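> Got a structure here, written out as C-alpha cells. Questions coming.
The values are calculated or read from the model by the stated rules, or taken from the named source; none is laboratory data. On a predicted model such as this, the values are computed, not experimentally measured, just so you know. Here the Cβ positions follow ideal geometry from the backbone for every residue, glycine too, while neighbour counts run over all protein chains shown.
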C-alpha cells in the first residue's frame, strides 16, 4: 500500500467525510442528547480480534471492514476502524514520525480543523498516536478524539466525537473507558455485520 493512500486512511475519519478516504460520517440523531450511563459491558467482535468495554446504555453496531464496530448515544459516537498495514511504527520514535505526518496531512486536507493536542501514547499494549481537536460533522461543530493504534498487521483507528458541550462527559463515560479496555488481536477477518458477537 502506497504512502499517499496510507496518509489518507490515517486521517481522522470525520474530518474527511467528503474527501474520498472511504470512511462514512452521517449526522447522528439527537444532537443535543446523551444517554445516562449505567454500567460498562463488554463488546467482542466476531473472531475475538477486537473487544472493549462500553456503557450499557450506548447502542453498539458492527459493520463491514474497514469498520469494525461503533457505539453511539445521542450526539456522541465512537467508531473502531481497521486498515491493513505493512509499515507500522514499532516504537515511540516511529510513532512520533507518524504523529508529525498526521498533523501535516490534517493541515493540508482540513485547514479549518483545530488541533488542540496530540501525543504518542499506549493503547492496548501497543504504540499509538492521539489527536484531539475541533471540527464539523454534517456542518455541526464537534470536538473529536482520534487514536491510531499500530498493532500486528493493522492500523486501528478509534474515531470519537460529540457536540462540544457534551464532549467531556462522553469522553469520561465512554471514550476513555473504551480506550482503557480495548484489546486488539491480528487483523479482523470478514464483515462484522450485526455487531455483537458476545457481551456481558
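> Among the residues of region 55-79, how many are over 21 Å from residue 168 (Cβ atoms) and touching a helix residue (DSSP H, G or I) at 6+ places or on another chain (Cβ under 9 Å)?
1
> Let me ask something additional. Scan the strands (runs of 3 or more DSSP E) fully inside region 84-175 and keep the ones with 1 or more residues being surrounded by fewer than 20 Cβ atoms within 10 Å (Cβ to Cβ).
In region 84-175, 114-123, 126-137, 140-151 are the strands (runs of 3 or more DSSP E) which contain 1 or more residues that are surrounded by fewer than 20 Cβ atoms within 10 Å (Cβ to Cβ).
> Conditions: (1) touching a residue at least 60 places away in the same chain (Cβ under 8 Å); (2) under 17 Å from residue 130 (Cβ atoms). Residue 86 meets all but one. Number of the miss?
(2)
> Select from region 41-52 the residues that are crowded, with 18+ Cβ neighbours inside 10 Å and either closer than 19 Å to residue 76 by Cβ or without any contact (Cβ under 8 Å) to a residue 60 or more places away in the chain (or both) and write down the one among them that is farthest from the chain's Cα centre (by Cα).
43
> Do we find a residue being at pLDDT 85 or above, part of a loop (DSSP other than H, G, I, E, B) and within 28 Å of residue 136 (Cα to Cα) anywhere in region 3-16?
Checked region 3-16: no residue is at pLDDT 85 or above, part of a loop (DSSP other than H, G, I, E, B) and within 28 Å of residue 136 (Cα to Cα).
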